[in-house]
Every structure is written in C-alpha cells, then in structure tokens.
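Student: Okay, here's the structure, questions in a sec.
The values are calculated or read from the model by the stated rules, or taken from the named source; none is laboratory data. Note that this is a predicted model, so its numbers are computed, not measured. Here the Cβ positions follow ideal geometry from the backbone for every residue, glycine too, while neighbour counts run over all protein chains shown. Heavy atoms of the whole protein, side chains included, go into the accessibility calculation; ligands, DNA and RNA do not. Shrake-Rupley method; radii C 1.70, N 1.55, O 1.52, S 1.80 Å.
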Amino acid sequence: MLFTSITFVIFFCLFFLLYWFVFNRNFKLQNLLLLAGGYVFYAWWDWRFLPLLIASSSLNYFLGIGIYKARQTKQRSLLLWIGLLQGLGTLLFFKYFNFFVKSTISAFATFNIRLDTYTLNIILPLGISFYTFRTISYLLDIKHGKIKPTTDWVVFFCYVSVFPCVISGPIDRPKTLIPQLTRRRVFDYAQATDGMRQILWGVFKKMVIADNCAVFTDNIFEHYKTLPASSLLFGAFLYTIQVYADFSGYSDIAIGLSNIIGIKVTRNFNTPFFAQNIADFWRRWHISLTGWLTDYVFAPLTIYFRDLGKTGLILAIVINFTAIGIWHGPNWTFFLFGFLNGCYYIPLILRGTLYKKKKITDQLQPALPALLGVAGTFTLVMFTFILFRADSLAQAFDYYQRLFSRSMFTAPVIIEKVNTAATLVCIVIMLAAEWLQRDKQHALQIDFIKKSPVRVIIYYGLILIIITFTATRNSDFIYFKF
Amino acid sequence: MDKGEILKTVNDVFIDVLDDENIMLTYETTANDVEEWDSLNHIQLVVAIEKQFGIRFTSWEIQSWNKVGELINTISNKIN
C-alpha cells in the first residue's frame, strides 16, 4: 500500500472519517483506531512481520517500566541491555546474517578452505530499523532520567508503530511524540490544510522528479560501460536529486498525513542542497536519523574520546558516519559511503569550524563564497552517492574510473530528449521553490500570498504537472528497504 | 565557591565556546533556550567546563542534565 496508490487513498479516507467522526470522543478511542489503522497499513505489506512488531513493542513496554522502577543501578543497566540486545540483535540478524555467513565463506575460500554452511532465506521486516530506533531511544531516555515511562500500553504501541511513519520514519523521540498521544486530538483546519499542501509537494517530488529521474539513472547505471564520462556525471547528478526527491517526498507525505490526523511529526529534511559545508549538509539531511545518531552514538563517543582533542572528535565522527553507512545495508559500498562522508568532516575539525553553523542568506541571491560552498558540498555528496547506487565496490570504482576520463568533454548521450528537458525543468522548479521558501517548513506554505486566486493557480498548476509528467512507473520508495 | 559564582563562570564559558556575547544563563535555562546549544557542541561545553573547574564528569552525568541548574548542582557537589 504505497502512499501514492489508489488503495492507500481509499484506506486513508476511511481512516480519516472514522478518526474524526466516530472515534473522536477521547484520546483512548483515537489511539485504538490509530493503532489498528497502523497495524492494517503495516500488515498490508506483509502480515508475517506484524508479530515481531507486536512482540518488540510488548517487551520494550515492560522494560521501560522496569528500568524506571528498578532501585539499583545494576538492575536498570541489566534491563536496558536486554532491550538493546533485543533491538540491535534482531536488526543485526535480519539485516546482516547472510552477509556475515557469505563473508566468512569467501574469507576462508581465499585460503582454499571450503566451508559447508548455509544462508537463510531472510526477508527484512519492513520498518524494523525505524521502530527499533524508537524503542531504543525510549529506554535510553528513561535510563537517563529524561522521560518517565508511559503506563498506557496503547500509547506506547502507537508510539512504536506510529501511523503513518511506521515504515520509514521520521523517527520521532518519545519526548515529543508520547505527550501528543496522551491528549485528545482536536481537528484543526489550518493544520490539516497545511498537511494537504505538504502532501501535494511530496507527491510532486516523488512522482514527478524521483520517478522520472529513476528512468534515466537506471538506464545510465546499467549501461555505464558504453557511455561517455559526461553521461556518467549527468547520471550521478540525477541520482543525487532522485534520492533527495524520493526520501524527502516520502517524508513530506508522512508529515502531511500526520498533520491531518492532528499529530506533529519531526521535520526530516531542511533544504540540504543549500548547505555550504558537509556538516551543514548532514544537519539538514534525514534530520531525524542523524539527530538520533548524534545523541545516542556520536555524543557518547565524543564523551569517551574527549581527552584526545581533535583526534577524538575525528574518531567519533568517522565511527558515527561509518555506522550510518552500514545501517543502509550489508554491502561494502554503504560502508565506504559512510566512511567517506565521515572523512569529509576532517578539514572542518582541523580548522575548528565544525560547530560554526553557516546561516543561509536572507537575500534572494547568495554571495559568491556561499554559492561556491553550496556547489562544492553538492559535488562531494554526489560522488558518494555513486557508491550508494552501485551494486558492488568493483562497479563503483569502475564508474569512478570512467568518470574521470577525456570523454567528460563530449556531449552526454541523452535518451528521450523531451522527457529529459521536462525532468530538468521540474528539478529547477523544485530547487527554486525550496530556495524561495527556505525559511518555511515546506515549499507550499504560501499563505503570505494574499490573493487566493494566485494560490489556487499554484496548487492546480502543480496538480496539472503531476498528472502530465508522472512517470509511467510508480516505484517503491528507496528508503523502504532500509 | 557559591552557586551564583559557578553560574557566572559557566556563563562565561558558554559565551566563549558558543561565540555569543548575548548569552544569559539562569538555573532554568535549557538547551532549547540557547540557539547554538545543541547535542554536538554540548560536549565542547562540557570539556571547557571541566577544564575551567578542574573536575571530571561521568558519562551518565553529562547525558542526564536537563537544565543549567542541574549542571550547576553537579559542579557544586564536585568542587565544594
């Protein structure tokens, strides 16, 4: 049930009517429907994963109360470790078991030792990373005295599998999400219409930009051996835009849907392509995950390494980013993707400018140094996204080798020129709108335009673009597999 | 050293590390009240405070403060 499918539209309309007209008497009824709706939505993908989600929620619910009530530090730590081992253990098993087995076999094979072992046919349960991060932050926050556990199991189960963010985030923290689940949501017209605008913007990014870019990038990455370097550069550029449009488009839809049901969800992207350095980029990209890792991985590491000065900071950031890379999946390409992004921080740490936040200008046109910073950051990120897209390290290195060749100075081979031009125009529209609206939560917050016909023209213009230019193929969201 | 003096010294450290002359901490100030105070430069502040007072916080202490008052209490317990 993709957000962009007719099935989901029907499902959400039904949910909306029940939520605001039947189950609206108190927050307990609202939560029951939220939980049931979330589980139906989740089970629609594959019902076999639902028992794991329920089991994980049940265990962590009792662990949270146990940690809070435990009188001795040892007891608290033990319960926390049970939760961490369950969460991370399940995640490691489903994501990396086969990778470890295969790597062990090939490592022994290099010494001519044949291992008779087996791999399991493991399918990754959808959204497992995202709900595991929610349960871990819940237990850690209780342990650190930042929150009290909830004693309402429906509230906790809703928090873990919050609809519509259960599959792919944003990863909300207990401190911001749980209080919203413990009071009755009242329909707010302004919040709901703002949510609908954000959904429209997200659908535009996903169905027009990401899906159209996918047509070109799939072709370029499949035939890169026969294409000139200029085409490969074009492919890398389009893929970087595609990942952004795909994931931020998904996030916009998830946040918009949440707004319609009266729940405020953390922002996940804040115009990352206008970042002037790599630290700024990652503060603006997949904010809920990088924020989570900053608090629960990077911060403890910097505390641990704090006597090592800048070396400690470099170690902490490289480990943190390598973890982000590995989180994407068991492939050395992801490992290197994370490691490289971590290494990009080293000049900032050595110059002592890591903590200096670069402010995006208020002016319409950015100054030249800022523009150079933006272009440089985009280029650095784009090079790592080749790793992100490649099937193997060998393919990625081959792609890099062919990219840095003399054929860079030839015209790129472009299939379907009209579609390419249309996609590029839509990318310009997206970037221009996000630049002009960079101080807003999303590009369609255009209430400052007082003339309503102008606003209506913008909405319907966008709908027309979506109808006209939607790619023929409606593909999955890239981040669903993580 | 009383808590008022500790607060004043901590305030100076914040101004220095976060490079913002306008910071005015109170016991009730939280990270949400100071724009530049995020979890990234929280550690920078901790290291600077440790150096300033010649003390050492535990990992648990560093991650458990919710407002400046709690930080001041920890410092006071360690130096007095």
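Student: Restricting to the range B:49-63, name every residue that is facing chain A (nearest Cβ under 7 Å) and open to solvent by less than 20 Å² (accessible area, probe 1.4 Å). Outline the logic, then answer.
Tutor: Here is the first cut: in the range B:49-63, the residues facing chain A (nearest Cβ under 7 Å) are B:59, B:62-63.
Selection gives B:ILE62 alone.
Student: Any chance the range A:149-172 includes a residue that's open to solvent by 30 Å² or more (accessible area, probe 1.4 Å), in contact with a Gly (Cβ under 8 Å, 6 or more places away or on another chain) and more than 28 Å from A:ALA275 (Cβ to Cβ)? Talk me through it step by step, then tell me what you get.
Tutor: Kept after step one, since they are open to solvent by 30 Å² or more (accessible area, probe 1.4 Å), are these residues of the range A:149-172: A:151-153.
Still in the list and also in contact with a Gly (Cβ under 8 Å, 6 or more places away or on another chain): none.
No - not one qualifying residue is present in the range A:149-172.
Student: Restricting attention to the range A:269-287, and to residues there that are away from chain B (no Cβ under 14 Å) and part of a loop (DSSP other than H, G, I, E, B), which single residue is most open to solvent (accessible area, probe 1.4 Å)?
Tutor: A:GLN276
Student: So which residues in the range B:21-35 are at pLDDT below 90 and in contact with a Phe, Trp or Tyr (Cβ under 8 Å, 6 or more places away or on another chain), if there are any at all?
Tutor: Scanning the range B:21-35 gives B:ALA31, B:VAL34.
Student: What is the one condition in (1) aliphatic (A, V, I, L, M); (2) outside the structural domain of A:THR384 (by TED's automatic domain parsing); (3) crowded, with 23+ Cβ neighbours inside 10 Å that A:ILE326 does not satisfy?
Tutor: A:ILE326 satisfies every listed condition except (3).
Student: Let me ask something else. Please enumerate the residues belonging to the range A:62-86 that are out of contact with any Leu (no Cβ under 8 Å at 6 or more places or on another chain) and open to solvent by 40 Å² or more (accessible area, probe 1.4 Å). Please lay out each step first, then the result.
Tutor: Of all residues in the range A:62-86, those out of contact with any Leu (no Cβ under 8 Å at 6 or more places or on another chain) come to A:62, A:65, A:68-69, A:71-78, A:81, A:85.
Correct list: A:PHE62, A:TYR68, A:LYS69, A:ARG71, A:GLN72, A:THR73, A:LYS74, A:GLN75, A:ARG76, A:LEU78, A:TRP81, A:LEU85.
Student: Picking from A:THR333, A:THR353, which residue would you name as being of a type in the set (Val, Ile, Thr), open to solvent by less than 60 Å² (accessible area, probe 1.4 Å) and closer than 21 Å to A:SER129 by Cβ? Reasoning before the result, please.
Tutor: Values: A:THR353 fails: closer than 21 Å to A:SER129 by Cβ.
One residue alone meets the criteria, A:THR333.
Student: Taking the criterion of being surrounded by 14 or more Cβ atoms within 10 Å (Cβ to Cβ) and in a helix (DSSP H, G or I), would at least one residue in the range A:436-454 satisfy it? Explain how you work it out, then say what you get.
Tutor: Taking the range A:436-454 first, the residues surrounded by 14 or more Cβ atoms within 10 Å (Cβ to Cβ) are A:437-438, A:440-446.
Keeping just the survivors that are in a helix (DSSP H, G or I) gives none.
No: zero hits.
Student: Of (1) more than 14 Å from every other protein chain (Cβ to nearest Cβ); (2) over 28 Å from A:TYR159 (Cβ atoms), A:TYR189 satisfies all except one. Which?
Tutor: Failing condition for A:TYR189: (2).
Student: Now, a different point. For A:ILE427, only one of the following conditions fails: (1) over 17 Å from A:LEU232 (Cβ atoms); (2) surrounded by fewer than 17 Cβ atoms within 10 Å (Cβ to Cβ). What is its number?
Tutor: All conditions are met except number (2).
Student: Taking the conditions exactly as written (over 28 Å from A:LEU371 (Cα atoms), hydrophobic (A, V, I, L, M, F, W, C) and more than 11 Å from chain B (Cβ to nearest Cβ)), does A:LEU315 satisfy them or not?
Tutor: Working: over 28 Å from A:LEU371 (Cα atoms): yes; hydrophobic (A, V, I, L, M, F, W, C): yes; more than 11 Å from chain B (Cβ to nearest Cβ): yes.
For A:LEU315, the condition - over 28 Å from A:LEU371 (Cα atoms), hydrophobic (A, V, I, L, M, F, W, C) and more than 11 Å from chain B (Cβ to nearest Cβ) - is met.
Student: Let me ask something additional. Residue under question is B:GLU36, and the condition is that it be at the interface with chain A (Cβ under 10 Å from one of its Cβ atoms) and outside any helix (DSSP H, G or I); does it hold? Can you show your working first?
Tutor: Values: at the interface with chain A (Cβ under 10 Å from one of its Cβ atoms): yes; outside any helix (DSSP H, G or I): yes.
In short, yes.
Student: Within the range A:333-426, which helices (runs of 4 or more DSSP H) (wholly inside it) include 3 or more residues that are assigned by TED's automatic domain parsing to the domain that holds A:CYS213 and hydroxyl-bearing (Ser, Thr, Tyr)? Steps first, please.
Tutor: Details: elements: A:346-351, A:368-389, A:393-403.
Passing ranges, in order: A:368-389.
Student: Further, regarding this structure: Can you tell which of A:LEU35, A:LEU29 is within 30 Å of A:GLY249 (Cβ to Cβ) and either open to solvent by less than 30 Å² (accessible area, probe 1.4 Å) or not basic (Lys, Arg) (or both)? Show your work before the answer.
Tutor: Values: A:LEU29 fails: within 30 Å of A:GLY249 (Cβ to Cβ).
The conditions single out A:LEU35.
Student: Given the criteria among the small types (Gly, Ala, Ser), touching a residue at least 60 places away in the same chain (Cβ under 8 Å) and assigned by TED's automatic domain parsing to the domain that holds A:GLN437, does A:SER248 qualify? Spell out the reasoning first.
Tutor: Working: among the small types (Gly, Ala, Ser): yes; touching a residue at least 60 places away in the same chain (Cβ under 8 Å): no; assigned by TED's automatic domain parsing to the domain that holds A:GLN437: yes.
Considered against the rule, which asks whether it is among the small types (Gly, Ala, Ser), touching a residue at least 60 places away in the same chain (Cβ under 8 Å) and assigned by TED's automatic domain parsing to the domain that holds A:GLN437, A:SER248 comes out as no.
Student: Given (1) more than 20 Å from A:PHE99 (Cβ to Cβ); (2) modelled with pLDDT under 95, identify the lone condition not met by A:LEU126.
Tutor: In the conditions (1) more than 20 Å from A:PHE99 (Cβ to Cβ); (2) modelled with pLDDT under 95, A:LEU126 misses (1) alone.
Student: Looking at A:THR290, A:THR294, A:THR266, can you tell me which residue is open to solvent by 20 Å² or more (accessible area, probe 1.4 Å) and either out of contact with any Lys or Arg (no Cβ under 9 Å at 6 or more places or on another chain) or assigned to a helix (DSSP H, G or I) (or both)? It would help to see each step written out before you state the result.
Tutor: Working: A:THR290 fails: open to solvent by 20 Å² or more (accessible area, probe 1.4 Å); A:THR266 fails: either out of contact with any Lys or Arg (no Cβ under 9 Å at 6 or more places or on another chain) or assigned to a helix (DSSP H, G or I) (or both).
It is A:THR294.
Student: Please give the number of the condition B:HIS42 fails out of (1) under 11 Å from the mean Cα position of the chain (by Cα); (2) under 26 Å from A:LEU348 (Cα atoms); (3) open to solvent by less than 20 Å² (accessible area, probe 1.4 Å).
Tutor: (3)
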